[in-house]
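In what follows, a structure is listed as structure tokens, so that the remarks can point back to it.
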Amino acid sequence: MEHFNTIIEPFRIKSVEAIKFTRREEREAALREAGYNVFRLRAEDVLIDLLTDSGTGAMSAAQWGALMQGDESYAGSRSYFRFRDVVSDLTGYRHVIPTHQGRAAERILFHSVLEAGQIVPNNNHFDTTRANVETEKAEARDLVIPEGRVPSQVHPFKGNIDLAALGRALETEGDRIPLVMVTVTNNAGGGQPVSLENLRGVRRLCDRFAKPFFLDACRFAENAYFIKKREEGQGHRTPREIAREMFSLADGCTMSAKKDGLANIGGFLALNDDAWADRCRNLLILTEGFPTYGGLAGYDLEAVARGLEEVLEESYLRYRIRSTEYLHERLVGAGVPVLQPAGGHAVYLDARALLSHIPPRQYPGISLAGALYLEAGIRGVEIGTVMFGLQPDGTERIPPMDLVRLAIPRRVYTQSHIDYVAEAVIAVAGMKDRLRGYRIAKAPSVLRHFTAIFEPV
Ligand SMILES: *Cc1c(COP(=O)(O)O)cnc(C)c1O
């Protein structure tokens, strides 16, 4: 069978969940009631939900089976040691601290090691990462390579950090930089991978300036597969070997197991530094729980442990990366402006380019996301001026891109679902002149995209 070209879903389906078809009037009413913010819709009223790939994946029969093996002892549970062994075998880090999801790992790390006025460089901070840095009154500085800021530009490792810019920052402002982060893959920059060569460059700079280096590792397996496919001399290695090398170049990581942990909840912070680990564990006890469960049930730890192994299977990664690329290819073929090249977990529609008649301050991404729901029952998410435009001082800045992300949940939708999405996006792009801008009627002062209410201009 290795000589056939069709890439198939590397699983068969054991259990199904019906999805609900709605009428257009129902969707119109639902969207109006949601204040034109798709985060506020009832998931039941969505046909194909591409809001996020976070926690929305299908667990395997082996993971469901592992749930029954969960040891719910408060302290020192067997499930913790199983989880810890899988994480330390993968990452090589000395301390493994479970958390209920990625942002808890971020909050615990940043609250323990950041001071007001300091700077955290990253390729691109994701929204929760940025918010957790800014909450400590520190600066989240994005230093992705220039190619990473241009949606139409193709580059094999568009998530790479600009090493020259990072070097300059360390040189001139190093006393205010307590750690360097790199996000693999670069979610806020389009799910784009970071090369091993780039990670080695970060390691060298961190060695030179004696700074710890942390990975935001949410999609480490997808990043490892891109390295295998695209980086010279890496094609013969397994995704696991590559992932191990990625982790070995850093001193620690924050992780959301809702992504490449193939679980519905969970995360961890892992690191080598004993003093930082002590501080983090003390805060963990205050806000998450005892260090051997960190806000998770024993069965969650089992599901994550199993998921971290399955996610590195090559047949899974081949199908995963190919299904995203397939949707991307169909849209490019129809002339829909999308961020180039295809990301690992999502296709990003370039709303600013498609809806060039809607200025960024009237949120083209909100307009496009709303139209996809109205026309087809598909839910994507704005990644643009609403998500990233609000400054800590309350003013609005225009970020480099206004995108709508269509994130593909892991192992959930089949090829015909994806064909439907492609047809629908192409149809909505064809009626772009009819789409209008929005204004914000009401919004909170942090992470406003989750709950803001909009009205048509
Ligand atoms: C999802 C995500 C996070 C936060 O993880 P949660 O589990 O949602 O709290 C942090 N960084 C990146 C890159 C992410 O994609």
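Laboratory data are not the source of any read-out in this text; all were calculated from the coordinates shown. Nothing here was measured: the structure is a model prediction, and the numbers come from that model. Cβ sites come from the backbone with ideal geometry, for glycine too, and all protein chains shown count toward neighbours.
The table for this structure:
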| item | result |
| --- | --- |
| For C218, residues with placed amide H under 5 Å, excluding near neighbours | V184, S256 |
| Within the stretch 8-39: backbone nitrogen closer than 12 Å to the M431 label point (7 Å, Cα to C-beta) | 24-25, 28 |
| Cα-based radius of gyration of the chain once divided by 2.2 N^0.38 Å, which approximates compact folds | 0.94 |
| Extension gain, F450 back to Q415 (0.36 nm per residue minus Cα-Cα distance, nm) | 9.7 nm |
| Gap separating the Cα centres of the stretch 108-173 and the stretch 387-457, nearest whole Å | 23 |
| Fraction of antiparallel bridges per DSSP, the chain only, in percent to nearest 5 | 65 |
| nm² value of the averaged projected area, convex hull over the Cα atoms of the stretch 321-365 | 3.2 |
| For the stretch 61-310, fraction of C-alpha pairs farther apart than 28 Å, in % | 29 |
| Pairwise centroid distance, computed over Cα atoms, of the stretch 213-238 with the stretch 248-306, Å | 22 |
| Greater than 25 Å apart at Cα, pairs in K137/K211; K14/K229; K137/K158; K158/K258; K137/K259; K258/K442 | K14/K229; K137/K158; K137/K259; K258/K442 |
| Kyte-Doolittle mean at least -1.0, axial Cα span of 27 Å or more - DSSP H helices of the chain | 314-333 |
| Exposed GluC sites (Glu not before Pro) absent: longest stretch of the chain, with sites in DSSP loops and at most 12 other Cβ within 10 Å deemed exposed | 233-457 |
| Förster radius 41 Å - calculated FRET efficiency between A334 and A441, Cβ distance, rounded to 0.05 | 0.75 |
| Distance (nanometres) between label positions extended 7 Å along Cα→Cβ at R32 and V457 | 2.2 |
